[in-house]
1. Can you find, within the stretch 361-380, the residue that is modelled with the lowest pLDDT among those that are within 9 Å of Y540 (Cα to Cα) and in contact with a Gly (Cβ under 9 Å, 6 or more places away or on another chain)?
2. Out of everything in the stretch 59-85 that is part of a strand (DSSP E or B) and either basic (K, R) or at pLDDT below 95 (or both), what residue ends up being surrounded by the most Cβ atoms within 10 Å (Cβ to Cβ)?
3. Inside the stretch 115-210, counting only strands (runs of 3 or more DSSP E) that do not spill past its ends, which hold 1 or more residues that are surrounded by fewer than 16 Cβ atoms within 10 Å (Cβ to Cβ) and in the same structural domain as R506 (by TED's automatic domain parsing)?
4. Residue check, A515 against (1) over 30 Å from L210 (Cβ atoms); (2) outside any loop (DSSP other than H, G, I, E, B); (3) in contact with a Gly (Cβ under 9 Å, 6 or more places away or on another chain), all met but one. Which one?
5. Would you mind telling me which numbered condition in (1) in contact with a Leu (Cβ under 9 Å, 6 or more places away or on another chain); (2) surrounded by fewer than 20 Cβ atoms within 10 Å (Cβ to Cβ) L105 fails?
6. Is it the case that some residue within the stretch 433-442 is surrounded by fewer than 20 Cβ atoms within 10 Å (Cβ to Cβ), of a type in the set (G, A, S) and over 31 Å from the mean Cα position of the chain (by Cα)?
7. Going through A519, A508 one at a time, which residue ends up being of a type outside the set (D, E, K, R) and surrounded by 19 or more Cβ atoms within 10 Å (Cβ to Cβ)?
8. Checking V275 against (1) surrounded by 15 or more Cβ atoms within 10 Å (Cβ to Cβ); (2) modelled with pLDDT under 95: exactly one of these is not met. Which one?
Amino acid sequence: MRRVSGHAVAAGAPQRAAPRVPRRRRQLALLAALLPVLLSACSSASGHLPGPVLHYVISNRPAPEAQQVLRERLVLTPRSLDPSLAADVPSTDVLEDLFEGLLTLSANGQMAPGVAQSWQITDHGTRYIFHLRADARWSNGQPVTAADFVYAWRREVNPNTAAEYAQSLSRIVNAQAIIDGRKPPDTLGVTALGPHTLEVRLVHATPYFLSMLFNTYYMPLYPPAIRKWGMAWTRPGHLVSDGPFYLTQWVINGHLTLKKNPYYWDAAHVRLRKVIDYPIASSAAALARYLAGDVDLVDDPAYPPSDAAWLRRALGTQVRVAPMYGTGYLGMLLHEKPFDNRDLRLALAMTLDRRVLDDKLLAGAGVPAHSLFPPLPGFTRQSPAWAHWPMAKRLAVARRLYRAAGYSRAHPLRVKLLYMIQGVQTRNFMEAIATMWHQALGADIELWQEQWKVMLQDIQYKNAKLFWSSWVGDYPSPYTFAHQFVQGFAMNYGDYDNPTYQAVVRAAVDEPNRARRYALYAKADAILNRDEPFIPLYFYNSNDLVKPYVAGFEANVMDLHLARYLWIRQHSVQP
C-alpha cells in the first residue's frame, strides 16, 4: 500500500494559532457567493499555456549513449530511501529504480521474475521456495544472496525499526508476534537454504503473496552498508543497491541523480545511462518546465486540472490518461471529538457533491467515489444507498444528522482541514469542500496547509482531526485497501476499530476461493459505508506527460514506469 504524495500543512504556519472565527466566517460567506464563479474559472482553460509548445522531429532509432538520459519529475522530495521505512510515493518511485525484489513489474504492470528466476509453491500454498539468480549483484559487485532477503525482512518486522509497513509481512510465520514484541526477529518464517535459495513459510495460503514481492518492504538490503553507516547508509556513496541504477547524487532541496548499475543482472537490456529526478511540487511549475524542455516525463498530477482540455488539444498523445488503482479521501481521528460521532461523519459525507468536484475541479483527473475500493475486475464495489439519492434528499437527511450530532448554524462545527501545500488547484479543491459544508450545514472549516513531510508527521502524531489522504494499491487485491482500516496497522491514522470489520477482513485474507474472498471484501466495504470512518472523494486517473522521444512508456493501473524499460529516441526540435 502506498500513500499518495499528498496529505499536508505548512511547518510552523500561522494557521496553528487559535482560529480567528469572525474572519473565517467572512471568508466562507464570500466563498459561498463566489463558488459558482470559482468552479467555472477552474473548469475553463485559458487557451494559453505557460510556454510555447515544442515540436520534435523523431526517429525510431535509439539516441547515442551520451543522450540516454531521462529527466523526470517527482511530486515531492523523497521522505526516505530506506526500503524498510519508505511509505510515500516519491520515495517508492526512486527506490523501484534503485532496488529489485524477488519479483518485479513488466513495462505494462504485470508481475515478472526479478532477483528470483523461478519458484515453487508447496504445502497447500503455505511454503515458497525461491531460486535466486546466480548473476544478481549489488552495485558494488558483491552477489545478492538469500541471506540479504532474510536480513531485510527481519529488519522490517523488528519493532525497533518502526517500519510503517511491517504488518504487510504478517502473512509470514511469526511476523505478527515479532511485530507485537512477543517473539524475536530471528523466528520469522524465512530461511536461507543456501546462497541462492530462499524458503518462505506462510501462516495461511495467500493467493496474492507473489504480487506483493516487488514492493519496497520486500526488497533485499546490503547488511555491511547499514552496519557501517547506520542511519547515513542511504546517502550517495554509502547506498548499495541491487537494481538497474545506483544513487550518485542527492542535492538537498534539489534533484537526485541515478546512474546505470553495470553489475545489474540484466544491464545489457537497460538503455538509459542516467536518470535525473527533479522534485517539483506544483503541477503548474512542472508543466512549465515540461513545455520548456527541461524535463522529459511528468508523472501524475502532471498539470493543473484547469489546463486539461487545452493541453490535450495542444499536446495530443503526449498527454497520457489511464485508470489508476487509487482512492482520494478525507481521514478523521475517530476516537476524539468531534469525529467520534457517526452521524456527523455521515452528514459531512452526504453533503459533498462529488460530481461538481470532479467535473469542475478535477477535470477528468478522478472519478467520483462513494466507497473505499477502486474498480477491480471481478470485484463488486458497494456504494451506500444515499449515493443514488437526488441531492435535495441527501442534503435534507444530512442536515437532520448534523442536528442529531448536536450542531446547527447557531452552534456550527468548527474544525481544521489539513492538506498539503501543492498549488492553487489543491487549495481551490479544499475551499470548494469547505464551502459546500458551510452552505449546506453552516459548518465553519478552517483550511490548514503544511509541507508534505510535516503534514505526514502531524497525521501520524494525531495532531490533525480532519485531513486529506489517499491510497494507491500496491497489488491488484482489495486487501491492499482494506488493510489500512485494520486496527493495529501503523497507517490506520484515524484509529478505526470495528471488531466485525476486522473479523471479515481476516476471513477474506484466509479464503482461497476468489469469488468467496471478494464477497467478504464486499461485506467489509458495506461495513465501512455504514460506519463512515473516512469520506471518499474520488478514484484516481493517472495524468502523465511524456515527450514523444521517450520510448517504452506503457500505461498500467499501478502508474509505475520503471526506468529500466525506458529509452530515448533520436530527436531534434523542429524549427
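The values are calculated or read from the model by the stated rules, or taken from the named source; none is laboratory data. These numbers were taken from a predicted model, which means no experiment stands behind them. Neighbour counts are summed over all protein chains in view; Cβ atoms, including those assigned to glycine, are modelled from backbone coordinates with ideal geometry.
1. So, considering only residues that are within 9 Å of Y540 (Cα to Cα) and in contact with a Gly (Cβ under 9 Å, 6 or more places away or on another chain), the one modelled with the lowest pLDDT is G366.
2. Step one: list which residues in the stretch 59-85 are part of a strand (DSSP E or B), which gives 59-62, 69-74.
Next cut, either basic (K, R) or at pLDDT below 95 (or both) only: 59-61, 71, 73-74.
On the way: S59: 12, N60: 7, R61: 9, R71: 20, R73: 24, L74: 22.
My answer is R73.
3. Details: elements: 116-122, 127-132, 190-194, 197-201.
Because the criterion is at least 1 residues that are surrounded by fewer than 16 Cβ atoms within 10 Å (Cβ to Cβ) and in the same structural domain as R506 (by TED's automatic domain parsing), no strands (runs of 3 or more DSSP E) in the stretch 115-210 meet it.
4. (1)
5. Of the numbered conditions (1) in contact with a Leu (Cβ under 9 Å, 6 or more places away or on another chain); (2) surrounded by fewer than 20 Cβ atoms within 10 Å (Cβ to Cβ), the odd one out for L105 is (2).
6. Of the residues in the stretch 433-442, the ones surrounded by fewer than 20 Cβ atoms within 10 Å (Cβ to Cβ) are 439, 442.
Then drop every residue that is not of a type in the set (G, A, S), which leaves 442.
Filter once more, keeping what is over 31 Å from the mean Cα position of the chain (by Cα): 442.
Scanning the stretch 433-442 turns up at least one residue that is surrounded by fewer than 20 Cβ atoms within 10 Å (Cβ to Cβ), of a type in the set (G, A, S) and over 31 Å from the mean Cα position of the chain (by Cα).
7. Details: A519 fails: surrounded by 19 or more Cβ atoms within 10 Å (Cβ to Cβ).
Sole residue among the options that is of a type outside the set (D, E, K, R) and surrounded by 19 or more Cβ atoms within 10 Å (Cβ to Cβ): A508.
8. Of the numbered conditions (1) surrounded by 15 or more Cβ atoms within 10 Å (Cβ to Cβ); (2) modelled with pLDDT under 95, the odd one out for V275 is (2).
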